[in-house]
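The values are calculated or read from the model by the stated rules, or taken from the named source; none is laboratory data. Just so we're clear, the structure is a prediction, and the values are computed from it rather than from any experiment. Note that each Cβ is placed from the backbone with ideal geometry, even for glycine, and that neighbours are counted across all protein chains shown. Protein only, heavy atoms only, side chains kept; ligands, DNA and RNA dropped before computing areas. Shrake-Rupley method; radii C 1.70, N 1.55, O 1.52, S 1.80 Å.
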Amino acid sequence: MVKIFKLKNIISIKDFEREDIEYILDEASKLEDIAQSKAISDELKGKVLGLMFFEPSTRTRISFETAMKRFNGQCIGFASSDSSSVSKGESIADTAKMFEAYSDALVIRHELEGVSKFISDLVDVPVINAGDGAGQHPTQTLLDLYTIRDEIGSIDNLNIALIGDLKFGRTVHSLAQSLTLFNNIKIYLVSPPELRMPQEILHDLNKTNVEYVEVDNIEDIIDDVDVLYVTRIQKERFVDIDDYLKIKGAYIINKKMLEGKDLIVMHPLPRIDEIAGDVDDTKYNKYFKQAANAVPVRMAILKTLIKNNPK
């Protein structure tokens with residue numbers, strides 16, 4: 001039976017079923033040789049990807065651009081609001097309609113939740129949410145799941161710790177929701193009280209009977225986990241800098257605390273001080289491989305959406 005990817009847009013991981021996730025991961029696996037060898041395929045030759053990044057990004061924007069260029073496609077766009085006509089007062093809707101005319105698909109990052117969904121309702125080309133405020137980051141989740149499957153062999157039957165800023169961290173929101181689609185998952189939510197996972201995410205976990213535990217200390221759970229998914233405390237999300245300084249550096253993973261453990265360490269990056277440099281040269285470090293996996297996974301996304309929805 002031929003698998004079919006059913007989504008036109010990628011806005012929220014909550015729109016996915018397990019078979020949709022597995023479709024993208026399987027496609028990414030087929031494309032990994034092209035990504036690793038830095039070869040060029042003509043799969044999307046002549047196609048144009050619109051990059052609308054109203055908020056700063058390094059890995060997400062550059063990996064989407066790299067993915068498109070590996071397919072011999074082209075990219076247009078901007079990397080901040082200041083470099084677009086939004087800074088002159090143009091509405092986001094007008095900017096999106098203009099990009100629709102020039103592009104075969106749009107990748108959007110914005111500091112406000114819901115902007116990608118708003119734009120997807122306005123345009124006829126596929127829209128990909130590349131991060132909306134403290135909301136969702138579905139393509140990051142897909143490459144996270146790809147990394148877990150690639151390194152461990154399966155996403156089922158795992159204990160996964162999500163560590164750090166669980167309140168504002170869109171990567172952990174999407175990842176937690178995606179894990180509800182897999183079997184026998186236990187999630188440890190490790191954060192300061194001020195940065196607990198939002199109630200709406202916990203509600204989603206409760207609905208699917210995913211087991212989760214909220215804890216304050218990594219040491220309490222580190223012997224029980226297969227994956228440490230570490231995130232930074234996001235300074236830019238705090239209104240009061242003093243509130244940030246109180247919990248900055250609350251969790252730091254170092255080589256000594258990992259010794260003898262059977263686990264992998266992941267991080268969506270950028271990191272500040274939450275993973276010590278002495279972890280970089282250990283077998284536990286999978287965060288740089290995780291970043292590299294962005295290219296084949298986003299190649300799979302672009303190929304699937306643009307081929308399924310020709311302009």
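General remarks:
- Taking the average, over residues, of other Cβ atoms within 10 Å as the packing measure, peptides 207-219, 4-16, 117-129 rank 117-129, 4-16, 207-219 from highest down.
- Between Leu143, Leu181, Asn157, the Cα set farthest toward the positive side of the dipole of region 143-188 (charges on each charged residue's Cβ, about the Cα centre) is that of Leu181.
- Dividing the convex hull volume of the alpha carbon atoms of region 173-216 by its residue count gives 60 Å³ per residue.
- Based on alpha carbons, the Rg and Dmax found for region 124-197 are 13.2, 43 Å.
- Amide hydrogen neighbours beyond the local backbone of Cys75, cut-off 5 Å, H modeled: Leu49
- Inverse mean reciprocal Cα-Cα distance (Kirkwood Rh) of region 1-130, Å: 15.7 Å
- Calculated [θ] (222 nm, deg cm²/dmol) that DSSP helices of n ≥ 4 give over the chain, each run adding -39,500 (n - 2.57): -11000 deg cm²/dmol
- This model, with +1 at the C-beta of Lys and Arg and -1 at the C-beta of Asp and Glu, gives region 136-223 a dipole about its Cα centre of some 340 debye.
- As a fraction of the 1.4 Å probe accessible area of region 105-224, surface on carbon and sulfur atoms comes out at 42 percent.
- Available extension along the chain between Lys283 and Gln74 is 71.6 nm, counting 0.36 nm per residue and deducting the alpha carbon span.
- Using alpha carbons only: equivalent-ellipsoid semi-axes of region 248-311, gyration tensor based, whole Å: 34, 13, 8
- Assuming charge only on the beta carbon of Lys and Arg (+1) and of Asp and Glu (-1), the dipole of the chain about its Cα centre is about 1040 debye to the nearest 20.
- Candidate residues Arg298, Arg59: accessible-area rank, largest first, probe 1.4 Å: Arg59, Arg298
- In order along region 217-226, phi translates into HN-Hα couplings of 10, 4, 4, 5, 10, 4, 6, 10, 10, 9 Hz, rounded to whole numbers, per the Karplus curve 6.51 cos²θ - 1.76 cosθ + 1.60 with θ = phi - 60° and x for Gly and Pro.
- Along principal axes, Cα extents of the chain, largest first, whole Å: 53, 49, 39
- The residue among Phe16, Leu195, Val123 whose Cα reaches farthest toward the positive pole of the charge dipole of the chain, with charges on the beta-carbon of Lys, Arg, Asp and Glu, is Val123.
- Evaluated on region 1-50, the Kirkwood hydrodynamic radius is 13.0 Å, with distances taken between all distinct Cα atoms.
- Based on C-alpha pairs under 8 angstrom that are at least 6 apart in sequence, the chain has a relative contact order of 20 percent.
- Karplus-derived HN-Hα couplings along region 44-58 (A = 6.51, B = -1.76, C = 1.60, θ = phi - 60°), whole Hz, x at Gly and Pro: 10, 4, x, 8, 10, 9, x, 9, 10, 10, 7, 10, x, 7, 10
- The residue list Val265, Ile76, Thr171 was ranked by how far each Cα lies along the charge dipole of the chain toward its positive end, using unit charges on Cβ atoms, and Ile76 comes out on top.
- For Tyr212, nonlocal amide neighbours, meaning residues 5 or more places apart or on other chains whose placed amide H falls under 5 Å from its own, are Ile187.
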